[in-house]
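Participant: Here it is, the structure in full.
Taken together, the values in this text are just the output of simple stated rules run on the coordinates, not laboratory data. Nothing here was measured: the structure is a model prediction, and the numbers come from that model. Here the Cβ positions follow ideal geometry from the backbone for every residue, glycine too, while neighbour counts run over all protein chains shown.
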Amino acid sequence: MSGTVGAPVSRIEGLSKVTGEARYAADFPLAGLAHGWIVQSTIARGRVESVDAGAALQMPGVLAVVTATNAMRLQDVDDGELLVLQDQQVHYRGQTVALVVGDTLEQARAAADGLPVEYQAEPHDVLLSASHPRLFAPDHVNPNLPTDTLTGDVEAGLAGAAVTVDHTYSTPAEHNNPMEPHATTAFWDGDRLTVYDSNQGATRVHQALVRLFGLEDSAVRVVSEHVGGGFGSKGGARSQAVLAAMAARMLGRPIRVVLSRKQLFSLVGYRTPTIQRVRLGSDRGGRLVALDHQVVEQTSTVYEFAEQTAVFSRVMYATPNLSTSHRLVALDVPTPRWMRAPGEAPGSFAVESAMDELAEACGVDPIELRIRNEPVTEPEGGRPFSSRNLIACLREGASRFRWAERDPRPGTRRDGQWLMGTGVAASTYPARSAPSTASVSAQEDGSFIVRLTAADIGTGARTALTQVAADELQVPMDKVEVRIGDSDFGPAMIAGGSMGMASWGWVVVKACRQLIADIDRCGGVPDDGLVARADTADDIAAQADLVRHSFGAQFAEVRVDVDTGEIRVPRLLGVFAAGRIVNAKTARSQLIGGMTMGLSMALFEESLMDAEFGDYLNHDFAGYHIAANADVQRIDATWIDEEDDQLNPLGVKGIGEIGIVGTAAAIANAVYHATGQRQRHLPIRPDRVLSP
Amino acid sequence: MPERVATLSPIRLSVNGREYQLELDHRTTLLDALRENLDLTGSKKGCDHGQCGACTVMLDGRRANACLIFAVAAQTHDITTIEGVGAAGNLHPLQQAFIDHDGLQCGYCTPGQICSAVAMLAEVEAGWPSAVTPDVAAGPVDLDESETRERMSGNLCRCGAYVNIVAAIQDVVG
C-alpha cells in the first residue's frame, strides 16, 4: 500500500468548516447558560478603590458582579495574568477589574458598561526607549535561552573590519489577532469542571485550572475541538477561562466569557516592540569578522516575558566574533507574549536588513553574501547542525524568482508612478520536539481511533496525524479517526513553537508501532479491541546534542508609488528546507499564511501606545490593519527535499512559524532596491516612504 | 435613578426558509439572535464591529454583517446563513471549491467568506462595478483575480488563506 505522508490531502474537517457545523468554544448551547462580560481598568497604574455594584445588580437579568472583594480565592500560579480579581492593584490599562454576569449577553454588557469603578491612580510609565533608566538584563529569554552570548572579541573585530554596518532597526508592538476571540464556556458537574476553551493546547489550560482551583487532574476537562487561530496568543490559559470557571462555580450555572476584539488588545498578549542595534564587520568580500546584535524590548509588571529576538544571530552566519544581548524594561503595559515566531520574526528583520546593507556596501550580491557566510557549525556554541540547507533554498529560490536577471542598482526601475524592486532575505526557526502522550485503539471492525491532546488551530494537524497513523498502521486514511483537543486524552505538547507535528507525530508513530506489535503478539485484534499507549519523554531526553533548525529563503517584488508612498507586493516566493512535509496541501497553505502575516508585518501592523492614557489606542480592525485580500497578490511557497534522521521518526521540522521569518526584511530590501531609501523601521508606512 | 426595565419584543425572523417566532431583547443583534437563540452558530463573531466580515450573512440575497443589524430590523428580510448555503451531500460549488483549494485554515472566517462570495458572484452577475473595475460603464464585469481580491476584502482572514480563497472563487467562476 502506498503511503499518504507527503500527499496533498484535503483537510478532514474542511466539510464541517465550510458548512458552519464545526463548533468553536463559544458555539456550545447549554441549558441555563449565563454570560459574563469583563470590565477593564481605565487607569494604567494604581488601585481600585471601589466598585459600586448596586445599580447593576438592580438591573433585570443581572446575576452577579464579581470583583476582587467577592471573587473566589485562587491558588498561586507562576503567571500573574491568571490571578484575576485577586487584589486591587492595577498594573496596566485594560486589566480586568470586574466580571458582570447576566442571563443574556445584552444584559451583562449593558451592566458592565455602566459599572462605576473608582480608582486611586498613580503616574504610569508606558513608553519603551533604548535609554530607559530601568533597563535590566533578564535572567533568561524565552523559552529558556541565555540572555547574552559572546564569542571572541566583537569590538576588536569591528575595529579591524574593512567594511562596517552599524544601524538601529525597530519593530512596533504587534497584536496576534486570531479571527476567533478568546472564549470559554464553563460548567461544573458536582466538583468536576468542564470547559470548552479556545486554545493552542488543552493540556496547558488543564494544568492551569487544576492549579488555580486546587483540583485533582481528573476533576478538570478542557475540550477544544476546533480553534479559530491563535498565533501564540492562545499558547497557554488566558484569563477568560479562569473567569468563566470561577463564575460558573460561584453561580452554579454554565457561564460563557468571550472577549471582545478590543479586549484582545489588552488581555491575551502581543509582540513586544523591539529596538535593535546591529553592527556587522566584514572584509571587502563581505566575509563577516564580527556581528553584534543588541536588543531592547518591554515586558509588563505582572509577568516577565523576554522575547528572544537576538537568537536569530546565534545560528545564521559564520563569524569569529559574535555577541548578542537582550535588555528589558517592565512598563505599566499589558503583558507581551508569544506571537508567531517570537524572536526570529523581529530579529530577522533587523539582521537580514543589515545583511542587505552589507551586501550593498561590499558590492556583493545579497545571495552570494549569505553563501560566503555559511557556517559549518553553529556560530554561537559550535554544535553541529542536524541538517542545514539554507544555500539550497537560496539557489532554488533564485532560479524560480529569476534573480540572475536582477540589476542590483537601486532606484532605477520605473513604470509610470511606480518604482520597482526586488529583495531577498534568509529565514530560520528551531525544529524542536516536546514530550507527548497518545493512545491508539484497534476496533473490532478493522478501524482505529487515535486519541491525543493535540490542537488543530488551522494548521491541518488533524489531517496530517491521520496520514501518519494510516501509514504506520498500513490502512487507508478512512480507517483511522484521530480525536484531538480533549485533555482527558492525556498530556501533550501545544500547537506552538512549530513543535506540533514533530511532537505529536512522534508519539502517534510510537503508539501505532506498539499497537502493531501487540496485535502480532495477540495473533490479531481480540474481540474487545486493543489499546496501545505511548509517551515520548524518554525518547526526547535521549536525543543527541545537535542544532536542529529549518531554514528558508524569502524573495519579494515590490512596487512603490512615488506620489503616495503606497507599497504593493506583486510577488512573494518562499523556499524552505523543513525536513519531511507530511501534507503538501496544508503545508503550502500554512507557509503562505506565515508569509502573508509577514507582509502584513512589513507594511501595516503597528499598535500605537497612547502615552497620556497608557493604552494601545488603535484597538480594532479599523485602526489596526491586518492584510486584507486586496493587499495580497501572488504568494507561493515551496520546499526542497530534505531528509534528516536526527529529528524524530517522521523527520519533520515544523512549519508553523518559518513562513513569517524574513518576509518583512525581504520586502524592506525590495523597497530599498526600488527607491534607494533604506527602511529600518516597521511598518513601512507611506509617510516613511515619502519622508525617509 | 429611573427604574430600568428590560424591553423584550416579539420578533419574527425568516432564516434559511424557516420562520421563527422569538421574544428578544431589543438590543439583540441579528448575529446574536442567530447564534444564541436559533443555535445557528455557523455565523461567527470576529469583531462585533462590522470590520472583519466573519458574521456575513445574506439578506434577500445581499451580503450583510449580521453584527451590525438589530434582530428587530431584520424581520422584513429573507435571511440566509452558511447553514442555508449548503450542507453535507448538497454543497454549494463554492463550499466544495474552498475544500478543494484549501481556502481555509482555522475555518473561523470561512462561513463569512463563503456567504460573502456567494453574494459577490450575484453582484458581478448584476453588473455591479468595484473600485478596481477599469470602466464602470462598460457592462459585464470580468471577475479576474484583481476584481476578486477587491470584492472579498471585507472578509479578513488572519491565517492568510487569501491566495487559496481567490483560487477557489476563480475555479467556480471558471
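Participant: Using only the alpha-carbon atoms of the range A:434-541, report the extent along each of the three principal axes, biggest first, to the nearest angstrom.
Facilitator: 41, 30, 24
Participant: Which one of B:116, B:146, B:14 has the biggest mean-square fluctuation once chain B is modelled by GNM with Cα springs under 10 Å?
Facilitator: B:146
Participant: Separate question: Only four residue types carry charge here, +1 at the Cβ of Lys and Arg and -1 at the Cβ of Asp and Glu. Report the dipole size of the range A:434-541 about the Cα centre in Debye, rounded to the nearest 20.
Facilitator: Numbers: 8 positive and 16 negative charges, 60 e Å.
That gives the range A:434-541 a dipole magnitude of about 280 debye.
Participant: How big is the equivalent ellipsoid of the range A:552-692 along its three axes, where each semi-axis is √(5λ) from the Cα gyration tensor, reported in whole Å from largest to smallest?
Facilitator: 31, 19, 13
Participant: Which semi-axis lengths, in whole Å and largest first, follow from the square roots of five times the eigenvalues of the Cα gyration tensor of chain B?
Facilitator: In descending order the semi-axes read 31, 17, 15 Å.
Participant: Got a sec? How would A:682, A:650 order by Cβ neighbour count within 10 Å, fewest to most?
Facilitator: Sorted ascending by nearby Cβ count, the order is A:650, A:682.
Participant: Now for a separate question. Starting from 0.36 nm per residue, how many nanometres of slack lie between residue A:690 and residue A:78 once their C-alpha separation is accounted for?
Facilitator: Roughly 215.7 nm would be gained on extension.
Participant: Considering every pair of different Cα atoms, what Kirkwood radius, in Å, is found for the protein assembly as shown? Working shown, then result.
Facilitator: Details: mean 1/r = 0.0357 Å⁻¹.
For the protein assembly as shown, the Kirkwood estimate is 28.0 Å.
Participant: Shifting gears a bit: For the range A:642-692, what size does the Cα cloud have along each of its three principal axes, sorted from largest down, in whole Å?
Facilitator: Sorted from largest, the Cα extents of the range A:642-692 read 53, 17, 11 Å.
Participant: Would you list B:91, A:647 from fewest to most Cβ contacts within 10 Å?
Facilitator: With the fewest neighbours first, B:91, A:647 line up as B:91, A:647.
Participant: Once all Cα-Cα distances of the range A:183-270 are split into 10 Å bins that start at 0, what whole-number percent is in each one?
Facilitator: Answer for the range A:183-270: a P(r) of 19, 55, 24, 2 percent.
Participant: With the crude spin-label approximation of a point 7 Å out along Cα→Cβ, what separation in nm comes out for residue A:140 versus residue A:361?
Facilitator: 3.5
Participant: Positive end of the dipole of the protein assembly as shown, charges at C-beta (+1 Lys, Arg; -1 Asp, Glu), about the Cα centre: which of A:404, A:494, A:187 has its Cα farthest in that direction?
Facilitator: Final value for the positive-end residue is A:404.
Participant: In what order do A:165, B:173, A:652 fall by count of nearby beta-carbon atoms within 10 Å, going from fewest to most?
Facilitator: In increasing order of surrounding Cβ atoms, one gets B:173, A:165, A:652.
Participant: Within chain A, which is the longest segment that contains none of the GluC sites (Glu not before Pro) sitting in a DSSP loop with at most 10 other Cβ atoms within 10 Å?
Facilitator: Working: sites that count: A:216, A:612, A:643.
Excluding the exposed sites themselves, the longest stretch runs over A:217-611.
Participant: Could you tell me which of the pairs A:510/B:44; A:479/A:585; A:262/B:44; A:653/B:44; A:234/A:479; A:234/B:44 are separated by over 27 angstrom between their Cα atoms in the structure shown?
Facilitator: Beyond 27 Å between Cα atoms: A:510/B:44; A:653/B:44; A:234/A:479.
Participant: Right, another one. Starting from the amide H of residue A:481, placed 1.01 Å from N in the peptide plane, find each other amide H under 5 Å away whose residue is 5 or more places distant or on another chain.
Facilitator: Here A:448, A:449, A:450 satisfy the definition.
Participant: May I ask for the longest run of chain A untouched by trypsin sites (Lys or Arg not before Pro) that are loop-located per DSSP and have at most 14 neighbouring C-beta atoms (other than their own) within 10 Å? Walk me through the numbers on the way to the answer.
Facilitator: Working: sites that count: A:73, A:134, A:284, A:402.
Answer from the scan: A:403-692.
Participant: A further question follows. For the protein assembly as shown, what is the mean residue ellipticity at 222 nm derived from helices alone (per DSSP H run of n ≥ 4: -39500 (n - 2.57); sum divided by total residues; nearest 500 deg cm²/dmol)?
Facilitator: The helix-only estimate for the protein assembly as shown comes to -7500 deg cm²/dmol at 222 nm.
Participant: Expressed as cubic angstrom per residue, what is the convex hull volume of the alpha carbon set of the range B:8-85?
Facilitator: In the range B:8-85, the Cα hull volume divided by residue count equals 74 Å³.
Participant: I want to make sure I understand the PRE zone here: with the label point 7 angstrom from the Cα of residue A:148 toward its beta carbon, which residues in the range A:327-368 have backbone N atoms less than 13 Å away?
Facilitator: Counting only backbone N, you get A:327-328.
Participant: For the range A:37-115, what are Rg and Dmax over the alpha carbons, in angstrom?
Facilitator: Looking at the range A:37-115, its Cα Rg and Dmax stand at 12.6, 39 Å.
Participant: Full extension from residue A:131 to residue A:47: what is 0.36 nm times the residue separation minus their Cα-Cα distance, to one decimal in nm?
Facilitator: 27.4 nm
Participant: Which value in nm describes the separation of the simple spin-label points at residue A:533 and residue B:100, placed 7 Å from the Cα toward the beta carbon?
Facilitator: Going by the 7 Å Cα→Cβ label model, 4.5 nm.
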